[in-house]
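Attaching a single structure in structure tokens format; questions to follow.
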Amino acid sequence: MKQKIIIAGAVLLLIVVVLLMVRDMFQDPTTIESNPYEYKLDNFKDIDSSLFCYKEVKRFNPIIQKLNGIAIDKDDNLYLTGLQKVMIYSKDLEFQKGFKINAEAKNIAVAEDGKIYLGVSDHIEIWDNQGTHLKSWNRFNAKSVLTSIAVGEKSVYLADAGNKVVLEYDFSGKLIREIGKRDTLSDRPGFIIPSPFFDVAIGREGELWAVNSGMHTFETYNSSGELVSSWNRTSMQIDGFSGCCNPSHTAILSDGSFVTSEKGIVRVKIHEPSGEFKCAIAGSAEFTDGTTGMDIAVNSNDDIFIIVPNKTEVRVYKKK
């Protein structure tokens, strides 16, 4: 008798499940009640017009596939890279020259001596501005995913999202040290990098800045690779960063302020050297949903240049 009751209950439960499935298949989706707990990003996308301190003055579309990286040299010439190509523009944004490379470069930096450093997936290639390949460095290891390059006076710093460290090299390509490694003895968690958005930059005093993007944190390191200070802003509001791996890119202005770009809530803004929000450059309304990879460069006049990869576009902003 007990077994019959169990079987009957199982059959009844199966009938209920089937009826629910049939209802979901044929129900008009417009009749489904909205989720009152649904998190809407739209509330955080609007930016008060009084917060903008720069204005867009130019945009153009370079003839390059998979626009990935942007850099500016000491003479304010503009460099762009992507799939099998490097393009060079004058400070007046007149096209000067371009040359082919052998692969897709994900990022670019230009040293004081004019050498061009390209991050090609897991290794560095060095070229001159005439399109001559000078050297390739060996990859750090098979896990390496290079997402950013910063060239200092004595060292070249590579953000390696695969290994979650910053690699410091001398100019010959010799590894000096790994910076920011996880250290259980000091309870340092290391860099939290869930996706390949991990940026580095050189500050106005020559110090290294690294974006611990999974923690929404900026960290600065001395010449010995030791953590000196940091600041953090976690918020969906305009004064902070949210979601996975933000800010995705950064550049540093002459006064030490940080220009940042974000994905998710797509926007470009400026934070003071201490981390406080300063002003906005561009808001979500100026980009399509899903825009990512907005690399940034600044020139000697503190003009701001960003790339919009999904539109193969360069945008230029000047102070109001």
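Normalise the Cα radius of gyration of the chain by 2.2 N^0.38 Å (N = residues in it) and let me know the number.
On the way: Rg = 24.0 Å, N = 320, 2.2 N^0.38 = 19.7 Å.
Its radius of gyration relative to the 2.2 N^0.38 Å reference: 1.22.
Continuing with the same structure: Mind checking which lysines have their C-alpha under 19 Å from Lys269, skipping anything on the same chain fewer than 8 residues away?
Partners found: Lys45, Lys55, Lys58, Lys278, Lys318, Lys319, Lys320.
Identify the GluC sites (Glu not before Pro) of the stretch 211-320 meeting these criteria: DSSP loop state and at most 13 other C-beta atoms within 10 Å of the C-beta. Please report the intermediate quantities before stating the final value.
Values: sites: Glu219, Glu226, Glu262, Glu276, Glu286, Glu313; in loops: Glu226, Glu276.
Answer by residue number: Glu226, Glu276.
Can you figure out the FRET efficiency of Leu227 with Lys91, using R₀ = 35 Å and their beta-carbon distance, to the nearest 0.05? Show your work: numbers first, answer last.
On the way: r = 36 Å, r/R0 = 1.02.
E(calc), rounded to 0.05, equals 0.45.
If you take the Cα atoms of the stretch 155-285, find Rg, then find the Kirkwood Rh from the mean of 1/r over all pairs, what is Rg/Rh?
On the way: Rg = 14.4 Å, Rh = 15.0 Å.
Computed over Cα atoms, the ratio is 0.96.
Once R0 is set to 35 Å, what does the formula 1/(1 + (r/R0)^6) return for the Cβ-Cβ distance between Ser195 and Cys53, expressed as a FRET efficiency to the nearest 0.05?
Details: r = 30 Å, r/R0 = 0.84.
Once rounded, the FRET efficiency stands at 0.75.
How high is the FRET efficiency from Asp239 to Ala142, r the C-beta distance, R0 25 Å, rounded to 0.05?
Working: r = 40 Å, r/R0 = 1.59.
So, using R0 = 25 Å, E works out to roughly 0.05.
Can you tell me the relative contact order of the stretch 43-97? Whole percent, Cα pairs under 8 Å, sequence separation 6 or more.
Once divided by the residue count of the stretch 43-97, the mean separation gives 21 percent.
Tell me, how many Å apart are the Cα centres for the stretch 141-187 and for the stretch 197-268?
If we compute the Cα centre of each part, the gap is 16 Å.
In degrees from 0 to 90, rounded to the nearest 10, what is the angle of the helix 2-26 Cα long axis to the longest principal axis of the chain?
50
Counting other Cβ atoms within 10 Å, keep those with at most 11, restrict to DSSP loop, and tell me which trypsin sites (Lys or Arg not before Pro) in the stretch 79-184 are left. Could you put the intermediate results ahead of the total?
On the way: sites: Lys85, Lys91, Lys97, Lys100, Lys106, Lys115, Lys135, Arg139, Lys143, Lys154, Lys164, Lys174, Arg177, Lys181, Arg182; in loops: Lys91, Lys106, Lys115, Arg139, Lys143, Lys154, Lys164, Lys174, Lys181, Arg182.
Sparse-neighbourhood loop trypsin sites (Lys or Arg not before Pro): Lys154, Lys174.
Relative contact order for the chain using alpha-carbon pairs under 8 Å, separation at least 6, rounded to a whole percent? Write out the running numbers ahead of the final one.
On the way: 724 pairs, mean separation 47.5, N = 320.
It rounds to 15 percent for the chain.
Extension gain Arg204-Thr132, at 0.36 nm per residue separation less the Cα-Cα distance, in nm? If you can, show how the numbers build up before the last one.
Numbers: separation 72, 0.36 × 72 = 25.92 nm, distance 3.05 nm.
Extra length from Arg204 to Thr132 when fully extended: 22.9 nm.
While we're here: Give me Lys74, Lys45 ranked fewest to most by other Cβ atoms within 10 Å of their Cβ, as a rough exposure proxy. Working shown, then result.
Details: Lys74 12, Lys45 17.
Taking fewest neighbouring Cβ atoms as first place, the list is Lys74, Lys45.
For Lys154, list the lysines whose Cα falls under 29 Å from its own Cα; do not include residues on the same chain fewer than 8 positions away.
Lys74, Lys85, Lys91, Lys97, Lys100, Lys106, Lys115, Lys135, Lys143, Lys164, Lys174, Lys181
Taken together, the values in this text are just the output of simple stated rules run on the coordinates, not laboratory data. What you see is a predicted model, and the numbers here were worked out from it, not measured in a lab. Positions of Cβ are backbone-derived with ideal geometry, glycine not excepted, and every protein chain shown enters the neighbour counts.
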